[in-house]
Amino acid sequence: MSGGRAEGPRRATETPRRVRVTSPRRQARTRAPSRPPTDEIDEQTGLGEVYVDYLLRAQRRLSVSVLAGVVLVVGTLPLLFLLVPTVRDLRVGPIRLPWIILGGLIYLFAFAVARAYVRTAERLERDFAEFLHGRDGAVTGQ
């Protein structure tokens, strides 16, 4: 073989020769070793601030969206009772529907929203920690 091209037909029993490929740029500059993101955060460098700002922005976005959803749902209930008198006058057994909603269902709603918020906030923090450990090459047993 010369120049990487086969010369003539090859027999089935012959194995191809191995060719070593090298770079002509042996004297090329190597990159400086990268610093782990945890060091960037601990030393409060500019890049560390970017990492922390990313986490804080994600948490703030989550908080604002949950707050907006709760305000929307809870804030529309008085309007519903005011604008739709049939809902205000409905009864479930001896109890009127607004009392059932405001005295019980609203707490189930708040519990469900709080649980979803905590799970999502923990997922954001876990993803951030995995990003940091994945970047600095650390292997965690978790």
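Below are the figures for this structure:
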quantity	calculated
Where labels lie 7 Å past Cα in the beta-carbon direction, separation of ARG88 and LEU67 in nm	3.1 nm
With DNA, RNA and ligands ignored, accessible area of LEU82 (1.4 Å probe; Å², nearest 10)	120 Å²
Backbone N under 20 Å from the ARG115 label point (7 Å along Cα→Cβ), restricted to region 57-78	63, 66-67, 69-71, 73-74
Stretchable slack from HIS133 to THR76, in nm (0.36 nm times residue separation minus alpha-carbon distance)	16.1 nm
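The values are calculated or read from the model by the stated rules, or taken from the named source; none is laboratory data. Since we're looking at a predicted model, the values are computed, not measured. Methodologically, a virtual Cβ is constructed for each residue, glycine included, from the backbone with ideal geometry; neighbour enumeration extends over all protein chains shown. Calculation scope for accessible area: heavy atoms of the full protein, side chains included, ligands and nucleic acids excluded. Shrake-Rupley method; radii C 1.70, N 1.55, O 1.52, S 1.80 Å.
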